[in-house]
Amino acid sequence: MKWVLSLGAGLLVALTCLALPTRVGAPAPDPRHPSFARPDLAFADVISAGEDIPQLHSLLVNWHGRMLLEHYFNGTLATNLANLKSASKSVLSALIGIAIDRGILPGLDTPISKYFPDLTDPDKQKITIQDLLSMRSGLQSTSNVNYGTWVASPDWIRYVLARPLDAQPGERMIYSTGNTHLLSAILTEAAHESTWQFAQEALAKPLGFDLPRWSTDPQGIYFGGNDMLMTPRQMLLIGEMYLHKGRAGDRQIMPQAWVEASCEGRARSPRTNERYGYGWWIREFDTFKTCYAWGFGGQYIFVLPELDLVIVVTSSPEENENRTGRRPRLFRLVERQIVSPIADAAEWDRLYSSARFSVQR
């Protein structure tokens, strides 16, 4: 009798586990049991929630190389070019990694004074390419309240280099688009061609698309870290390349080590407290590490390697998403209505595969 009761209790526990599968430490369920249902990934609720977020233009979800969701809002079409705004910094970081790999640039520790010989301040001469990539040059920011004055100046490079040091090079993060514009100027000199030409040959063409020209400074240097133009699907190709450690198909476009280094937190934003790598931000969605490109107004490429997942979002580039509260709303949508359900589905697939193997044995 005790044996029967024990068996009955065991079956009850097993059935309870089947009804409520968990990601960590879950027992292998019986896939034949009716309670074992795969989470729904139709995302109808996501589209509805997206329609309530003002100025949202597109939302793309690609899992395991398959497009689960591609939706356009507010009259936007798949062929419309999105202004990446500061998500351009992430693309420029890729170009720098390729240039270093090809020997066009000597390396991360190269002082920028090599390319700007008029830089005579001994402290500023310590600034390296790595400092520019990680926003730790120490130079006073040309972003936010200083942005307008900078882009109205007759020589953007000279203006950036003339900024006082608010910190020693390598010391702490001071977000500044001037840093990445210096990188564009360095790449132009080192490659003996414009940043746009190098981006076309080294990145866009291998990924299968043409990169439109974007804005330049008064000296003709392509804007480093702003105003690049891509369709959401092209942005997805960038994300997929990072997801696959620099590969696209059978071609290694950029070094795997550069992808990993770019998504390693090297600085922390004093404004958002988020970590920053080489042109890419780092945070977690539902415990999963997310490396992402971020542009003003709500331009995003989210890369989640553990889930084999890339999410692209574009929005109006004219409106500050933080002031309107759109950013936290969008992040809640991404985390709770996209990442978490996909994580549950991934766990379901793992348990189902394990259970089927056990049953077949």
Fluctuation leader among 119, 309, 84 - the chain, Gaussian network, Cα springs under 10 angstrom: 119
Cut-off under 5 Å, modelled amide H: who pairs with residue 230 long-range: 82, 84
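Membrane-span-like helices in the chain: DSSP H runs reaching 18 Å or more (Cα, own axis), mean Kyte hydropathy at least -1.0?
Correct list, ordered by number: 2-19, 88-101, 177-191, 340-360.
For a quick protection proxy, order the peptides 325-334, 190-199 by their average other-Cβ count within 10 Å, most packed first. Mind showing how you got there, number by number?
Values: 325-334: 16.6, 190-199: 18.1.
Ranking, from highest mean packing down: 190-199, 325-334.
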Note, ³J(HN,Hα) from phi for the range 64-78, Karplus 6.51, -1.76, 1.60, rounded to Hz, x at Gly and Pro: 6, x, 10, 6, 7, 8, 9, 9, 10, 10, 6, x, 6, 10, 4
In sequence order, calculated HN-Hα J values of the range 129-136 (Karplus, 6.51, -1.76, 1.60; Hz; x Gly/Pro): 4, 4, 4, 5, 5, 9, 6, 10
Principal axes of the chain: Cα extent on each, largest first, Å: 91, 42, 39
Placed amide H near residue 247: partners under 5 Å, 5+ positions off or other chain: 253
Residue of 281, 63, 294 that the Gaussian network model of the chain assigns the largest fluctuation, springs spanning Cα pairs under 10 Å: 63
Centroid-to-centroid separation of the range 90-111 and the range 210-227 [C-alpha atoms, Å]: 18 Å
Top of 67, 235, 254 by mean-square fluctuation, Gaussian network on the chain, Cα under 10 Å: 67
Global geometry of the range 221-361, whether rounded, prolate or oblate, following the gyration tensor of its Cα atoms and the 1.5 cut on a/c: prolate
5 Å binning of all Cα-Cα separations within the range 202-273, expressed as whole percents from 0 upward: 3, 13, 18, 18, 19, 17, 9, 2, 0
Amide H partners (placed H, <5 Å) of residue 216, local residues excluded: 223
Gap separating the Cα centres of the range 283-352 and the range 64-89, nearest whole Å: 13 Å
Cα lying deepest toward the dipole's positive end in the chain, options 133, 230, 325, charges on Cβ: 325
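For the chain, give the magnitude of the charge dipole about the Cα centre (Cβ charges: +1 Lys/Arg, -1 Asp/Glu; no others), in debye to the nearest 20. Spell out each step's value before the answer.
Values: 36 positive and 37 negative charges, 167 e Å.
Charge dipole, the chain, about its Cα centre: 800 debye, nearest 20.
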Antiparallel bridge percentage (DSSP; both residues within the chain; nearest 5): 100 percent
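Since every read-out is calculated from the coordinates, none of them should be taken as a lab result. Here the structure is a predicted model, which means the values were calculated and not measured. Heads up, the Cβs are rebuilt from the backbone with ideal geometry, glycines too, and the neighbour counts pull from every protein chain shown.
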